[in-house]
Amino acid sequence: MSDLANNKTVKKPADVVQIFDTTLRDGEQAAGINLNVQEKVEIATQLARMRVDVIEAGFAAASPGDFACIEGVAKAVEGLTTVTSLARTLETDIRAAADSLKGAQHPRIHTFIATSDLHLEYKLKMTREKVLEQVRMAVPLARSLVPEVEFSAEDASRSNPDFLIQVFRAAVEGGATILNIPDTVGYAMPEEFSRFVKTIIDGVNAPPEVIYSVHAHNDLGLAVANSLAAVKAGVRQVECTMNGMGERGGNAAMEEIAMGIKTRRDYLGVTVNLDTTRLVAVSRQVSNLAGLPIPPNKPIVGSNAFAHEAGIHQHGVLANRATYEVMRAEDVGAEAAVMVLGKHSGRNGLKDLLIKLGYHTLTEEQIDRAFACFKRLCDAKKDVSQGDIEALVAVEVLSVSPESRYELTRLEYETHSVGVVALVTLSHHGQDISASAIGNGPINAACRAVQSAIGIDTRLETFGLAATSPETSTQGECRMSISYKGINASGRGLSTDVVEASVKAFINAVNNIYILAAAREIKINGE
Ligand code: KIV
Ligand code: ZN
C-alpha cells in the first residue's frame, strides 16, 4: 500500500450530510465552459473556505489540462476538505487519478461504471458479469493507492435494483466506503427515488462506515427535490454544483441543497458542515469565472431571492420577517455590505476589498495587474461597483494565463467609404508589433489587424457580448471561441468599449491557442 493510501480519512458524523462539490468536474462539462488552472484553484480555495466536504477537481485521465487542474487544486486545498478525481474502472484512469492527487492532504479516488442495461448494451457493450469483474479489479486497486474510495454506478436510477446491489456489494468488498447512486439523466421522481435509494441501502446492508451518496441531474427540474428525498431515505453525501451548473439542465444546486437541509432540519433531521454565509460570494465568483449569469429569480443566490416588491409582502416582512421569508438573507451572505472604491483608492484598498470578496490566492503580480486595470477603469467609468471589480478580476486577471504571449497596448479605428480601418499594437515578449487591416465593421477590422500582426489565420466559432451589470455606464464582456488547425480555444475580454472588449477576447483566445498547441507539441510560426 502506498504512503498516500495510509493517510487518515475524515470521520463523518451520522447526522451531517457531506457536501460533495463537482462544479470543477461535472459543472465544467456544461456547454461553453472552460476553466483554466488558476480559475479552478481560485474556486477550489473558496469552496474549501466555505467548508465544502469534498471537491471533485476533474477527471485526471481525460486530458493533461484536467490532470494539471487536479494537481493544482490538490496542492492548494488545506484543512479537512477532501479532493477527488473521477476515474473510469480502468487501471490507467485509476493510476492517473492517484498521481494527480499526490499533493492532497485528503485524497479520494472516485471510480465509476454504468450499471443500467441500456448503458451496458449500447455504450459499454459489456455483460453484467464483465461489469462486476471491472469493479472487483478497479476498487481494490484504487484503495491500494489512496485511503478513501468512492464508487458510482452511472445511470443507477434506471438500473435493475438486484444487479445494482450486487455491484455495490462488490465495491464494498473491494474497499469502497462511499457508494454513489446517480440519477444520471435526471429521470427520477422524488418519491420513487427515495424508495429506490431505500431498497438499495437495505439490500446492500453495508457496514456502518459505508455512506451512501446521490448525484442528481436536473433534466426535469427535480435534481434538488430528488437529492433531498434521498437524504430523507438515509443518504449522507449529496453531489452538487454551485449555481446548479452542469451539462444539459445542470446538476443539483449546492446552495439549494444546503439551505434546504438547514431550513428544514425539523423535517430532515440532519445538518451540513458548510458555512452558508459564504454562498452568495462563492456563487458570484463561480458565475463570473465561468461566464454563466445567475438568473435574478434563482433561489438563494439570485438578486431577487430576498427582494419583496408587492406592498402586502413588504408590510408583512416589516412586521415579522417569518411571514414571507423562510430563511434570513444574512445566513446565505446576501446582505454583505456593498463596498465601493473610487479613483482615489490605492492598491492596498483594492487588495483589502479583494480579500473581503474572498480572493485569497492572488499573487502580488496579479494584484498589480488588477490595480492597473482598476485605475484604467476609474478613468473610463465614474462609479466602479463591486460587480465591476469582480468582473475585472475574473476576466482581466484569472482568465489570462501567465504563459500569454500577446497583449493589446493600442487600438484605433476609423470609418471610411471602403469600410473600417483598424490599427492595433500588441506587446510580444516586451516588444511592440503593429498592423492595420480593413473590415466591414470595427470588430472585424481590429481582429483582422491582430491576425496580421501575429501572422495566424484563425476561424471564428462563437461570439457573444454581454453587459456585466444593468447600469448604462456598464462594462461589456466579450466571449468568443476560435479554432486553428483543429485546436479550439475560447477567450474573454472586458472593457467599457465593446470593440476593445472584443479585440481583447480575440487576443486571449489566440494566447490560449498557443498554450494548447504547446501542450500538444505543435509549433505555430516557429514558437
Ligand atoms: O451523472 C453521472 O452519473 C456522473 C457520474 C460519473 C457520477 O457524473
Ligand atoms: Zn453527473
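No lab work stands behind these numbers, since they all come straight from the coordinates. Everything quoted here is computed from the prediction, not taken from an experiment. As a convention, Cβ positions derive from the backbone with ideal geometry for all residues, glycine included, and neighbour counts pool all protein chains shown.
Here are the numbers for the structure shown:
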read-out: Taking SER283, SER404, SER481 and counting other C-beta atoms within 10 Å, the order from fewest to most; value: SER404, SER481, SER283
read-out: Segment GLU330-THR127, extension gain: residue separation times 0.36 nm, minus the distance between their alpha carbons; value: 67.8 nm
read-out: The chain - mean residue ellipticity at 222 nm from DSSP helices (-39,500 (n - 2.57) per run, n ≥ 4, rounded to 500); value: -12000 deg cm²/dmol
read-out: Modelled FRET efficiency - R0 45 Å, ASN304 with SER417, Cβ distances, 0.05 increments; value: 0.40
read-out: Contour excess over end-to-end distance, with Cα ends at LEU318 and GLU407 and 0.36 nm allotted per residue; value: 26.8 nm
read-out: Cα long-axis angle, helix 161-174 against the chain (0 to 90 degrees, to the nearest 10); value: 80
read-out: Region 119-209: trypsin sites (Lys or Arg not before Pro) in DSSP coil with no more than 14 other Cβ atoms inside 10 Å; value: LYS125
read-out: Pairwise label distance in nanometres, ASP162 with ALA467, each label 7 Å out on the Cα-Cβ vector; value: 6.2
read-out: Part-to-part distance (alpha-carbon centres) for region 439-515 and region 244-286, which is given in Å; value: 35
read-out: Helix 91-100 vs. the chain, principal-axis angle (Cα, 0 to 90°, nearest 10); value: 60
read-out: Contour excess over end-to-end distance, with Cα ends at ILE522 and LEU268 and 0.36 nm allotted per residue; value: 86.0 nm
read-out: Separation in nanometres of the label points that stand 7 Å from Cα toward Cβ, at ASP379 and SER483; value: 4.0
read-out: Long-range HN-HN contacts of GLU150 with modeled amide H, under 5 Å; value: ILE109, HIS110, THR111
read-out: Charge dipole (the chain, unit charges on Cβ, about Cα centre) - positive-most of VAL286, ALA453, LEU465; value: VAL286
read-out: Net charge, ARG128 excluded, C-beta distance under 12 Å - Lys, Arg +1, Asp, Glu -1; value: -4
read-out: Computed FRET value (nearest 0.05) for LYS356 with ALA14, which takes r as the C-beta separation and R₀ as 56 Å; value: 0.95
read-out: Efficiency of FRET from Cβ geometry, SER436 and THR277, R₀ 51 Å, rounded to 0.05; value: 0.45
read-out: Considering only the chain, percent of DSSP beta bridges that pair antiparallel, nearest 5; value: 50
read-out: For the chain, with +1 on Lys and Arg beta carbons and -1 on Asp and Glu, the positive-most of GLY342, PRO190, GLY175 along the dipole; value: GLY175
read-out: Cα long-axis angle, helix 64-76 against the chain (0 to 90 degrees, to the nearest 10); value: 80
read-out: Principal axis box of the chain, alpha-carbon based, largest edge first, Å; value: 76, 66, 40
